[in-house]
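S.K.: First the structure, which I've put down as structure tokens, then a few questions once you've had a look.
The values are calculated or read from the model by the stated rules, or taken from the named source; none is laboratory data. From a predicted model like this one, the values you see are computed outputs, not experimental measurements. Please note: Cβ atoms are built from the backbone with ideal geometry, for glycine as well, and neighbour counts cover all protein chains shown.
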Amino acid sequence: MSLTDMPTLRGSCVDLEPLAPRHAEDLTHAVQDGALWNLWYTDVPRPEAMEAEIERRLALHRAGSMMPFALVAQGRAVGMTTYMNIDAATPRVEIGSTWLAAGHQRSGINREAKRMLLAHAFDVMRCPAVEFRTHALNQQSRRAIEGLGARLDGILRSHRHTRDGALRDTCVYSIVASEWPAVRLHLERRLA
């Protein structure tokens, strides 16, 4: 399997389907649940930009740097997630660009999606490490990443511009292959 082959990952409360234009209508409704594009510390597409965001992610997939997924619960797309910054030579991926409709947050969907992405990265893709990045001020995201068992590698200060032009500090986390068995057990127990 190539590092950019798009699997469908199936779970008990969420499936990760390869992102496709057919998900646009569901995702437009999902992003409106909580007006997620208004969160200043993250970059979530506005409803009217959903089709363009799907195409942007698909273009990155065609270029080999992203594997975008729709988070599908009860037959409807309720968010997005990706493998991004794919390094095929190592191999190494970052899990990110994730958002989930407000009504589905803290439901177990994100945790199960991350468990499936981590299992695929470590067990199928044979990655020696998986990375997560978030805005240093995004406390909800940082708690979720730490709750997975990821460790803070460091903070990239004044790392990149946000959509309003401010410079953000980026927290870089990772899980390495030797930690995966314990992390998997921890996630399975939390999901049970």
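S.K.: For ARG106, indicate whether it is free of Cβ contacts under 8 Å to residues at least 60 places away in the same chain and within 24 Å of ALA59 (Cα to Cα).
M.R.: So ARG106 does not fit the description; no.
S.K.: Using the structure shown, decide if HIS161 is within 24 Å of ALA35 (Cα to Cα) and at pLDDT 90 or above.
M.R.: So HIS161 fails the test.
S.K.: Here is a follow-up. Condition (residue is exposed (fewer than 14 other Cβ atoms within 10 Å of the Cβ) and either of a type in the set (Phe, Trp, Tyr) or under 13 Å from the mean Cα position of the chain (by Cα) (or both)) applied to region 60-74: is it met by at least one residue?
M.R.: No, there is no match, as no residue in region 60-74 is exposed (fewer than 14 other Cβ atoms within 10 Å of the Cβ) and either of a type in the set (Phe, Trp, Tyr) or under 13 Å from the mean Cα position of the chain (by Cα) (or both).
S.K.: All but one of (1) surrounded by 18 or more Cβ atoms within 10 Å (Cβ to Cβ); (2) farther than 11 Å from CYS171 by Cβ hold for THR134; which doesn't?
M.R.: Status for THR134: all satisfied but (2).
S.K.: Please verify whether VAL31 is among the hydrophobic types (A, V, I, L, M, F, W, C), on the phi < 0 side of the Ramachandran plot, at pLDDT 95 or above and crowded, with 20+ Cβ neighbours inside 10 Å, treating the condition exactly as stated.
M.R.: no
S.K.: Another one. In the set ALA89, ALA102, which member is on the phi < 0 side of the Ramachandran plot and touching a Gly at 6+ places or on another chain (Cβ under 7 Å)?
M.R.: Unique residue meeting the criteria: ALA102.
S.K.: Further question on the same structure: Of ARG126, ARG106, ARG143, ARG111, which residue is crowded, with 17+ Cβ neighbours inside 10 Å and of a type outside the set (A, V, I, L, M, F, W, C)?
M.R.: The unique qualifying residue is ARG111.
S.K.: Of the conditions (1) farther than 20 Å from LEU19 by Cβ; (2) among the acidic types (Asp, Glu); (3) out of contact with any strand residue (DSSP E or B) (no Cβ under 7 Å at 6 or more places or on another chain), ASP153 clears all except one; give me its number.
M.R.: Going through (1) farther than 20 Å from LEU19 by Cβ; (2) among the acidic types (Asp, Glu); (3) out of contact with any strand residue (DSSP E or B) (no Cβ under 7 Å at 6 or more places or on another chain) one by one, ASP153 breaks only (3).
S.K.: Working carefully through the options GLU55, GLU25, GLU51, find the one that is farther than 23 Å from ALA144 by Cβ, surrounded by fewer than 14 Cβ atoms within 10 Å (Cβ to Cβ) and in contact with a Pro (Cβ under 9 Å, 6 or more places away or on another chain).
M.R.: Criteria check complete, one pass: GLU55.
S.K.: Same structure, new question: Picking from GLU131, GLU112, which residue would you name as being of a type in the set (Asp, Glu) and part of a helix (DSSP H, G or I)?
M.R.: GLU112
S.K.: When ILE145 is evaluated against the numbered criteria (1) in contact (Cβ under 8 Å) with a residue 24 or more places away in the chain; (2) part of a strand (DSSP E or B); (3) of a type in the set (A, V, I, L, M), which criterion, by number, is the only one it fails?
M.R.: (2)
S.K.: Return yes when ILE86 is more than 10 Å from the chain's Cα centre (by Cα) and buried (at least 20 other Cβ atoms within 10 Å of the Cβ) and no when it is not.
M.R.: It is true that ILE86 is more than 10 Å from the chain's Cα centre (by Cα) and buried (at least 20 other Cβ atoms within 10 Å of the Cβ).
S.K.: Filter region 146-192 down to residues that are surrounded by 14 or more Cβ atoms within 10 Å (Cβ to Cβ) and of a type in the set (Gly, Ala, Ser) and give me whichever is farthest from ASP43 (Cα to Cα).
M.R.: Taking the candidates together, the pick is ALA177.
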